[in-house]
Amino acid sequence: MMTIKNLKRILPLFLLLLIACKSSKSQQDVLVLSAPTGPVFNADSAFSYCQAQCDFGPRTMNSTAHDQCEEWIIKKFQSFNCQVVTQKTVLKGYDGTALNSTNIIASTQPDNTTRVMLCAHWDSRPWADNDPDEKNWKTPVLAANDGASGVAVMLELARLIQAADSLKVGVDFICFDAEDWGTPQWDTNTYNTTGDVWALGAAYWASNPHVADYRPRYGILLDMVGGQGSQFYQERFSKQYAQPILNKVWAAAKVVGFGSYFPDSSGEYITDDHTPINTQARIPTIDIIPFYPDCQQSGFGPTWHTINDDMEHIDKNTLQAVGQTLVQVLYSEGKTD
């Protein structure tokens, strides 16, 4: 997955429940309703979508499980009346490996010119290189949280949108591939923390969007959104590039009763799929990603890049918190109190 950059002191921030931000054209009219709106997010359903992906096994690049899961994701979005296109290319891994990559783009209301982008990566880490047991370092990661959870939340949102079609905006759900092929920590000869070995599918998409001159209002990246004990601090690149969107999402969490999952505190600078989206595509995009400030093993939590990133460590309450927050964000679009 990504790397942690420039650890800084966490600073408290206090947000308003109702935020109206005027910024660039892509961030204008950012509003959160002060009362809950939209359908109820079904965490059981999202959990089942997470389980279904894991049932294929680790979805590592160039594997049979990867190909099978790709087909399943496409069909699932199509079953929710999404228009699906794929973006296939061959990318080069840190070690020169040719990676057969597929970005999956599923769209609701494709003719609606007012759009919001949600995204997550769907590939699995080939190596459990942060596992406490060195014997596991070259074992593929099942990636229940670090991959499957973000896609699962998007699938449940797509299902809800189909059932409750009062949404005022079109939504593009983008499943990025080849995010987690970054240099393994055990490869001491070539290990580095630069962003160009991570988020390869997102970087390709940022330079080759699926629609010419694609300009959604904003983007929201979901990464590891189902883990036990998760809290989503305000990631610092998100603050730098898309502060109004960050404000909007954190305010929405408070409105729907999940503010404790979204503390008003700064996290770290994280190299992730939102990095090329912000810097190359110039779409203001935030990263909803957990931060465990007291976890010695990793700031991303104890299961990050270990063999324990499995369904036993997925928490439906975390899925509910993230999913219901996004419902509030989406169904606030185009409405006023």
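For region 295-337, the candidate set comprises residues that are surrounded by fewer than 18 Cβ atoms within 10 Å (Cβ to Cβ) and hydroxyl-bearing (Ser, Thr, Tyr); within that set, the residue that is farthest from the chain's Cα centre (by Cα) is 336. Within region 90-115, restricting attention to residues that are among the polar types (S, T, N, Q) and under 19 Å from residue 125 (Cα atoms), which residue is nearest to the chain's Cα centre (by Cα)? Per the criteria, the residue is 103. Residues that are farther than 30 Å from residue 160 by Cα and polar (S, T, N, Q) were ranked within region 92-121; the one that is least open to solvent (accessible area, probe 1.4 Å) is 97. Scanning region 219-276 for residues that are closer than 24 Å to residue 295 by Cβ, assigned to a loop (DSSP other than H, G, I, E, B), open to solvent by 10 Å² or more (accessible area, probe 1.4 Å) and among the hydrophobic types (A, V, I, L, M, F, W, C) yields one hit, 258. When region 48-62 is filtered for residues that are open to solvent by less than 50 Å² (accessible area, probe 1.4 Å) and among the aromatic types (Phe, Trp, Tyr), only 49 remains.
For region 277-294, the candidate set comprises residues that are among the aliphatic types (A, V, I, L, M) and either touching an Asp or Glu at 6+ places or on another chain (Cβ under 9 Å) or open to solvent by 10 Å² or more (accessible area, probe 1.4 Å) (or both); within that set, the residue that is farthest from residue 172 (Cα to Cα) is 289.
Please tell me if residue 124 is open to solvent by less than 10 Å² (accessible area, probe 1.4 Å), outside any loop (DSSP other than H, G, I, E, B) and among the polar types (S, T, N, Q). Against the criterion (open to solvent by less than 10 Å² (accessible area, probe 1.4 Å), outside any loop (DSSP other than H, G, I, E, B) and among the polar types (S, T, N, Q)), residue 124 does not qualify. Checked against (1) over 26 Å from residue 63 (Cα atoms); (2) assigned to a helix (DSSP H, G or I); (3) among the β-branched types (Val, Ile, Thr), residue 116 passes all but a single condition, namely (2). With respect to residue 309, determine if the residue is assigned to a loop (DSSP other than H, G, I, E, B) and in contact with a helix residue (DSSP H, G or I) (Cβ under 7 Å, 6 or more places away or on another chain). For residue 309, the condition - assigned to a loop (DSSP other than H, G, I, E, B) and in contact with a helix residue (DSSP H, G or I) (Cβ under 7 Å, 6 or more places away or on another chain) - is met.
Could you tell me whether residue 286 is more than 17 Å from residue 43 (Cβ to Cβ), within 15 Å of the chain's Cα centre (by Cα) and aliphatic (A, V, I, L, M)? For residue 286, the condition - more than 17 Å from residue 43 (Cβ to Cβ), within 15 Å of the chain's Cα centre (by Cα) and aliphatic (A, V, I, L, M) - is met.
Annotation note: Cβ proximity below 6 Å between a residue of region 171-188 that is more than 30 Å from residue 161 (Cβ to Cβ) and a residue that is assigned to a loop (DSSP other than H, G, I, E, B) and of a type in the set (D, E, K, R) (sequence gap 6+ or interchain) occurs for 184/129; 185/129; 186/129. For residue 196, the requirement of being of a type outside the set (A, V, I, L, M, F, W, C), open to solvent by 10 Å² or more (accessible area, probe 1.4 Å) and either in contact with a helix residue (DSSP H, G or I) (Cβ under 6 Å, 6 or more places away or on another chain) or free of Cβ contacts under 8 Å to residues at least 12 places away in the same chain (or both) is met.
Within region 127-169, restricting attention to residues that are β-branched (Val, Ile, Thr) and in a helix (DSSP H, G or I), the residue that is surrounded by the fewest Cβ atoms within 10 Å (Cβ to Cβ) is 161.
The values are calculated or read from the model by the stated rules, or taken from the named source; none is laboratory data. Note that the structure is predicted; figures quoted are calculated from it, not measured. Here Cβ is always computed from backbone atoms with ideal geometry, including for glycine, and neighbour counts include all displayed protein chains. With ligands, DNA and RNA removed, areas are computed over all heavy atoms of the protein, side chains included. Shrake-Rupley method; radii C 1.70, N 1.55, O 1.52, S 1.80 Å.
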